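Report on one structure; see the data block that follows.
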Amino acid sequence: MRVLNYLEFASQLERSGIGTSTDQQRAALATTDVDVVTSPWPDSPLSAAVDVARGDCVFRDYDVAHCNLIGPGSVAVARHAKRNDIPLVLHSHVTREDFAESFRGSNAVGPALGKYLKWFYSQADVVLCPSEYTKRVLESYPVDAPIRPISNGVDTDSLEGFEALRDEYREKYDLDGMTVFAVGNVFERKGLTTFCEVAKQTDYDFAWFGPYDTGPHASKKVKYWVENAPENVTFTGWIDDIRGAFGAGDVYLFPTKNENQGIAVLEAMACGKAVVLRDIPVFEEFYTHGHDCLKCSTDEEFRRALDLLDRDPDLRRRLGENARATAAEHSLDRVGDRLVETYEDVLAGTLD
């Protein structure tokens, strides 16, 4: 079986959740019998455009088309698949809800984005999404296609050796004591204001490892907090080795307002870190309060959770050990099996 696993704008999405998920799909499929191609065109997109002008066929041969984004390249692949009876798998990494509070103007385009996503995803023979929560969101649009949840998984191999980077990254960013941290792009949707407000109420060092935009696309809240960070908060910007974040940090704080799953949470858990999450619906299906994480709803609850973990190292250790076991349930082997099952079902026309 030959499958196109396509992510347009891949170079711009290298450190995003979409980019990470796509990389993990390909790593998971590498252990199977599936032959993966990552571009629909034999040559560059520019060469493909020239071929179209000449009337030549520009698409590679593949049995299943699997697209991970919603832009013009993916639309072209979808149209080609439908014209040529190639099964089409569309992966829903983007919803109207999780696009909110990301960039300047993202809330304003929400209604139009929702209509576009309804149209785009409805072309699929099957839509994949990271969680049952996201499936319910897509059904509410409604998307007129079968929807199948598959975990994004976690690439534990890519995290090996994180412990050895602890001293280097703590020294680099002047971190001391129990360090509270987050990983990923700095967005208000991911709980930026809560992260900073809770930091202001404590004496712990806080570090957000990940890029941020202060240009015209940045939201006002991102610009405000990056330029007016509390004294105990460090925004690192881009870091070359993400393992350094998991080495340096002690408690992963993720007060996000909306997620489809949250790959960085699984990465923190795979590293045995104690995790503190906002109590939102998507986390109900994956994590259990008091077992592999602590869940909170208010700034005060977040602060009390951090104080508890500071006072009780045994609780921190136990949560981390249980979190590592939870992360193991999202191995790439399982992701690969589910993807192959989906491709076989879509080829056979036996989707539920």
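The values are calculated or read from the model by the stated rules, or taken from the named source; none is laboratory data. Quick caveat: nothing in here was measured; it's all calculated off a predicted structure. Cβ coordinates were reconstructed from backbone atoms using ideal geometry, including for glycine residues, and neighbour counts include every protein chain displayed. All accessible areas refer to the heavy atoms of the entire protein, side chains included, with ligands and DNA or RNA removed. Shrake-Rupley method; radii C 1.70, N 1.55, O 1.52, S 1.80 Å.
Odds and ends about this structure:
- Phi-based couplings in Hz for the range 289-300 (Karplus 6.51, -1.76, 1.60; Gly and Pro marked x): 4, x, 9, 10, 6, 10, 10, 9, 10, 10, 4, 5
- The range 239-307: GluC sites (Glu not before Pro) falling in loop per DSSP and having at most 14 other Cβ within 10 Å: Glu285
- Computed label-point distance, nm, for sites Lys220 and Asp312 using a 7 Å Cα→Cβ extension: 4.1 nm
- Sequentially through the range 326-333, phi angles give Karplus couplings (6.51, -1.76, 1.60; θ = phi - 60°) of 5, 4, 4, 6, 10, 5, 5, 4 Hz, Gly and Pro residues having no value and appearing as x.
- Here Lys115 and Thr32 are evaluated by their C-beta separation; at R0 = 22 Å the FRET efficiency comes out at 0.05.
- Rounded to the nearest 20 debye, the dipole size of the range 157-329 about its Cα centre is 460 debye, using +1 on the Cβ of Lys and Arg and -1 on the Cβ of Asp and Glu.
- Three-way shape call for the range 157-329 based on the alpha-carbon gyration tensor, with the a/c threshold at 1.5: rounded
- Amide H contacts under 5 Å for Ile150, placed H, 5+ residues apart: Cys129, Ser131
- Spherically averaged projected area of the range 245-352 from its Cα convex hull (nm²): 7.8 nm²
- Accessible surface of the range 157-329 [probe 1.4 Å, protein heavy atoms]: carbon and sulfur percent: 43 percent
- Percent of beta bridges antiparallel (DSSP, the chain, rounded to nearest 5): 5 percent
- A Cβ-based charge dipole, computed about the Cα centre of the chain with Lys and Arg at +1 and Asp and Glu at -1, lands at about 1120 debye.
- Computed on the range 157-329, with alpha-carbon pairs under 8 angstrom and 6+ residues apart, the relative contact order is 24 percent.
- Distance cut-off 38 Å, percentage of C-alpha pairs in the chain lying past it: 19 percent
- Between 0 and 90°, nearest 10: helix 110-121 axis offset from the chain longest Cα axis: 50 degrees
- Lysine-lysine proximity count for the chain, Cα under 15 Å, sequence distance 8 or more or distinct chains: 9
- Distance between the 7 Å Cα→Cβ label points at Asp167 and Asn228: 4.0 nm.
- Extension reserve of the Thr193-Arg83 stretch, reckoned as 0.36 nm per residue once the Cα distance is removed: 34.9 nm
- Per residue, the accessible area of the chain comes to 44 Å², computed with a 1.4 Å probe over protein heavy atoms only.
- Counting only Cα atoms, the size of the range 129-171 along its three principal axes is 51, 20, 11 Å, in decreasing order.
- Lys/Arg +1, Asp/Glu -1 at C-beta; the chain dipole; positive extreme among Pro149, His80, Ser16: His80
- Segment Ala328-Ile280, length gained on full extension (0.36 nm per residue, minus Cα span): 15.1 nm
- Mean separation of Cα contacts under 8 Å, 6 or more apart, over the residue count of the chain: relative contact order %: 17 percent
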